[in-house]
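Peer 1: Before anything else, here's the structure in question.
The values are calculated or read from the model by the stated rules, or taken from the named source; none is laboratory data. As the structure is a computational prediction, the values presented were derived from the model and not from experiment. Every residue, glycine among them, receives a Cβ derived from its backbone with ideal geometry; neighbour counts consider all protein chains shown. For the accessible areas, the whole protein counts, side chains as well, though only heavy atoms, and no ligand, DNA or RNA atoms are used. Shrake-Rupley method; radii C 1.70, N 1.55, O 1.52, S 1.80 Å.
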Amino acid sequence: MRATATFTVQAFAPTGLTPEPAVPTGLPVSVATMEKHFEGAAAGRSATLFTSAFDHETGVGTYVAMESFEGSLDGREGAFNFVHSATTSGSDRTAEFFHIVPSSGTGDLAGISGAGGMAVDADGTHRIWFDYQLDRQRPTRTEKG
């Protein structure tokens, strides 16, 4: 199944956390938290831990993000984690990775697995899609009693 949506970043907060030991490189490594809101077949919000080696002025670098999503996919309510990363030279996205974390689903999304992707349109609209499956053979905690 595929659920698509647009999203907006509601908050982006650098944490001040830096790697130890400090290793000087051509791009600074940083950690931030983000909150995103999703509209469409994937509707809800997420909390994100965002790690990057990135030059904000040129848009060159790589990021790795771990997100905790809560809301619905195609009307199924629950929560799950997903991880994604990409590299950019300032105007593109390469080396993309996107994966739903196994065993992270709750509620109607228990047993979720799959992948997905993100894109940014020329007008700045952020798009996301989840290509997912639901393994309903394993009961959730509430179904176990």
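Peer 1: Out of all the residues in the range 81-94, which are more than 14 Å from ALA65 (Cα to Cα) and not polar (S, T, N, Q)?
Peer 2: GLY90, ASP92, ARG93
Peer 1: Which of the residues that make up the range 71-95 are of a type in the set (D, E, K, R), surrounded by fewer than 16 Cβ atoms within 10 Å (Cβ to Cβ) and assigned to a strand (DSSP E or B)?
Peer 2: Passing the criteria: only GLU77.
Peer 1: May I pose another question? Can LEU49 be described as more than 16 Å from the chain's Cα centre (by Cα) and either among the hydrophobic types (A, V, I, L, M, F, W, C) or surrounded by 14 or more Cβ atoms within 10 Å (Cβ to Cβ) (or both)?
Peer 2: So LEU49 fails the test.
Peer 1: Of the numbered conditions (1) in a strand (DSSP E or B); (2) at pLDDT below 90, ARG136 satisfies every one except a single condition; which is it?
Peer 2: (1)
Peer 1: Condition test on GLU20, is it among the charged types (D, E, K, R), open to solvent by 40 Å² or more (accessible area, probe 1.4 Å) and part of a strand (DSSP E or B)?
Peer 2: Judged against the criteria, GLU20 is not a match.
Peer 1: For a quick check of your reading of the model, give me the residue pairs whose first member lies in the range 103-125 and is open to solvent by 50 Å² or more (accessible area, probe 1.4 Å), whose second is modelled with pLDDT of 95 or more and of a type in the set (Gly, Ala, Ser), with beta-carbon atoms closer than 7 Å and at least 6 apart or on different chains.
Peer 2: Partner pairs satisfying both residue conditions: THR106/GLY78; THR106/ALA79; ASP108/GLY78.
Peer 1: Considering only the range 15-40, state which residues are more than 17 Å from the chain's Cα centre (by Cα) and not small (Gly, Ala, Ser).
Peer 2: The answer is THR15, LEU17, THR18, PRO19, GLU20, PRO21, VAL23, PRO24, THR25, LEU27, PRO28, VAL29.
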